[in-house]
Amino acid sequence: MKKLSDRQNVNPGPHNAGAPRLSDIAYERILESLFERKVPVGAFISQNELSAIVDVPVAPLRDALRVLEAEGILTIHPRSGIQFIRPGLELTRSTYQFRSIVERAAVRVFAEEADENITNALEVRHSRLLRRIERDGIGPEQLLEMDALELDLHGHIIQALRNPLIDSAYRRMHNYLRLLRLERKVTAPIIMRTLKEHLDILEACATRNADAAEKALQAHFQAAMQRNLGLV
C-alpha cells in the first residue's frame, strides 16, 4: 500500500526545508497505522504502546497527538491513554455537510474553467476501471485505482477555487472520510455506482454546464452518505 505521504500532503504545522521533524513523522505514521488497521478504529491505547507501533519516541509523539486531538481524530486522556474516534452518524453527517458546502461551489468553477486534458484523462481512467470491474470484479489493484480516482477528481475540483485555506481544511476533512470508509463494506456494485456518479459529474463538466455539474455532485454526495451509513 502506498504511504500516506505519497497520496496527500499532510503536515500538522509549519516545517523547515530539509529533513522532516519527528513530530511530523509521528503524525503521518499515526494516521497510517489507523488507516492500515494496525490500530483499530475506536481503540483505547497507551502512549507507550502507540510509540512502539509507529516507532517514534514519546516526546515527538505527544506533539503529533495534540495536533490530531485538535483535528478530532482522537482524545487524549491524561495518565490514562488515547481514545481514537469511532465513526458514526454525526461524523458522517458533518463530513458530507462540509464537502457539500465547499465542493458545490468548487465544481461550478471546475466545470467552467477546468483544463479539457484533465477532465478527459479522468473520464478515460474512470471508464477503464469501470470496464475492468465489470469484467474481473474487484481486487487490490482496482481498490488502489479507485482510491486514486477519488483523490484526483475531488482534489482537482477543490483546487479550482485556488484557495490555500480551503485546501488545508479539505486535507484534514479527507482524514475523516477515510475513517468512515474503514467500516464500510466495499463490493463491486458499490464501486461501480460510485464510478458512474463520478462520470456524471465529468460529463457535465465536459459540456461546461455548471448547473448540471453541481446537481450531479450533490446526487453523488447524497448517495455516498447513504452508502457510508449502510442504507444502500
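For the range 48-70, the set of residues classified as open to solvent by 70 Å² or more (accessible area, probe 1.4 Å), among the hydrophobic types (A, V, I, L, M, F, W, C) and not in a helix (DSSP H, G or I) is empty. Since Tyr170 meets every condition but one in (1) free of Cβ contacts under 8 Å to residues at least 12 places away in the same chain; (2) open to solvent by less than 30 Å² (accessible area, probe 1.4 Å); (3) more than 24 Å from Pro189 (Cα to Cα), which condition does it not meet? Only one criterion is unmet by Tyr170, namely (1). When the range 88-115 is filtered for residues that are among the acidic types (Asp, Glu), under 21 Å from Arg172 (Cα atoms) and open to solvent by 10 Å² or more (accessible area, probe 1.4 Å), only Glu90 remains. Number of residues in the range 71-86 that are open to solvent by 20 Å² or more (accessible area, probe 1.4 Å), of a type outside the set (S, T, N, Q), part of a loop (DSSP other than H, G, I, E, B) and on the phi < 0 side of the Ramachandran plot equals 4. Tally the residues that are at pLDDT below 95 and more than 19 Å from Val102 (Cβ to Cβ), restricting the search to the range 198-230. Here the count works out to 4. Here Arg162 fits the description: on the phi > 0 side of the Ramachandran plot and not in a helix (DSSP H, G or I).
The values are calculated or read from the model by the stated rules, or taken from the named source; none is laboratory data. Note that the structure is predicted; figures quoted are calculated from it, not measured. Glycine gets a Cβ as well: all are built from the backbone with ideal geometry, and neighbour counts include every protein chain shown. These accessible areas exclude ligands, DNA and RNA; they are computed on the full protein's heavy atoms, side chains included. Shrake-Rupley method; radii C 1.70, N 1.55, O 1.52, S 1.80 Å.
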